[in-house]
Structures are given as C-alpha cells and as structure tokens.
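Take a look at the structure below.
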Amino acid sequence: MLRSIVLSLLASVLAIGSARADMCSDAAGQRDALIREQYQHTIDYFMKIAASAQSKGFDPRRFPQADNSGNITAVDLIDTIERISAKRDEGIAAIFQAFEECRNNVAPYQRIVDVGSYFLFGGMQEVIPEGARQIDAGRLLAGTPFGGPNALVPQAREYIMARLGIGGSAADFIRNPLQVTAQGPIRAPWVPSLMPGVPIGGLNIPPIGQLPQLPPLPQLPSAPPPIEIGKVGGHRVCVPWC
C-alpha cells in the first residue's frame, strides 16, 4: 500500500515537472519567434529608409532630420540598423536564459513572458534614436524601388547592404541572428539562400520562368488577420505584417 502511494506521488511530481518543462519551452519558443520576426521587420524597414535616402542623394550615416524643437540633427541610419541587430541578439539570448531559469525552477514561467514583452516594446525603443522614429517614411520611400510593407527577400537585403557599403562581419551580424542550441545561443556560419538567377558556390539557380512546371498547390485556408503589437516611428507594427 505504501509503495503504491509513493509511486503515485512520484508519478504526479514527474507529470508536473514535465508539464512545467513544456510550458517553459512553449513560452520561450513563442517569444523567440516573435523577437526574430519583429526585429527583422524593423531592420528591413530601416534598411529601406537608408537605401531610399542614399538614392535621393543623402548620406545614410548623416541623414538630416528635425527634432521636436525644430533643430536639424544628423541621424546615422546604418548605426541604427546595427543597434537593432544587437538588441535582437540580446533578446534571443535573454529569452534562452529565462527558459533555462524556468526549466530549472529558478524563476517562474512569467519571467519568459516579461523578458519577451520588454524586448518587443521598450527594448527596441531604447536603440532607435528619436530622430529616426520621426522620419517621414512615406515621403522618403516614394519614387524608389524600396517601398512596400513587406519584408525584404534575402536577395534584396544583400543588394541594399552592398549599396550601403555594409560588408564582412558587419553584414553577417545584421543578416545572421543568433541560433539557439542545447548549449546556448551561438552565431552559426551564414549560408546564402539559393536565389533564382544568382550564382552561389558555383551553382546557378535558374530564373523563375525557367523552372519546370509543378502541379498546383491545394487550396489553403486564409491566413489569420494581423495582430498589432506596437508602433515604430508612427507606423503600426503587426505580426505577421500590417
């Protein structure tokens, strides 16, 4: 009888521990994905702004912008992109640390939620200069090929970084967020995406028009409506996109 009670209690403890581990893992996975998506969206936004400024004759490292007092200050758009990229990686690492603390019963599940909320809102605002948040994006992007609400495809991102003179480790830092492993976040070697018409590693991926015809995809359900989670520079920020 006593043995049955002990085994029952042990099973209950193991079940609670397993449920807690799943809760920690799910919360961390969701916040990690949101941070990656939101920061990439914001990085792409400022890359478009920088490329548009350059195309109109401005130096993206000294873009003139009026502050709240009407004084003209220089905004370094490249530095802004790099700061956002650094904050993204800081957020990824912080979520992993909160997950470890949750899994090891050092901190509650809510810690993961709080860390994610900070990096999605206040944390991002800390690294975006006030002048950068007040740029008239619609006016600056008008007449350039960099407008539109969608995220940049890898080919366009590489093209913009080349135009802006961002290369080497700086480019890798921006394009290649930390990856989470069992040992913790690391920066894995960056592998260029296979892009049609662009030779990579001796291979030339044919343009879309030269690809063989494939059978049509089955009808998929409509995507859920976007959820607004904040604003950057007066522009709504949504998941997946506004």
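A short reminder: the numbers here are calculations on the coordinates, not readings from a lab. All values reported here derive from a predicted model rather than from experimental measurement. Cβ: placed from backbone, ideal geometry, glycine included. Neighbour counts: every protein chain shown.
Numbers below:
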read-out	value
Within-12-Å neighbourhood charge of G131 [Cβ basis; K, R +1; D, E -1]	-3
Distance in nm between pseudo-label sites at V191 and R133 (7 Å out along the Cβ direction from Cα)	3.9
Ranking of R139, R31 by count of other Cβ atoms within 10 Å, fewest first	R139, R31
For peptides 123-132, 46-55, 93-102, sequence by mean Cβ density within 10 Å, most packed first	46-55, 93-102, 123-132
Stokes-Einstein translational diffusion, the stretch 133-173 - Kirkwood Rh over all Cα pairs, 0.890 mPa s, 25 °C, in µm²/s	208
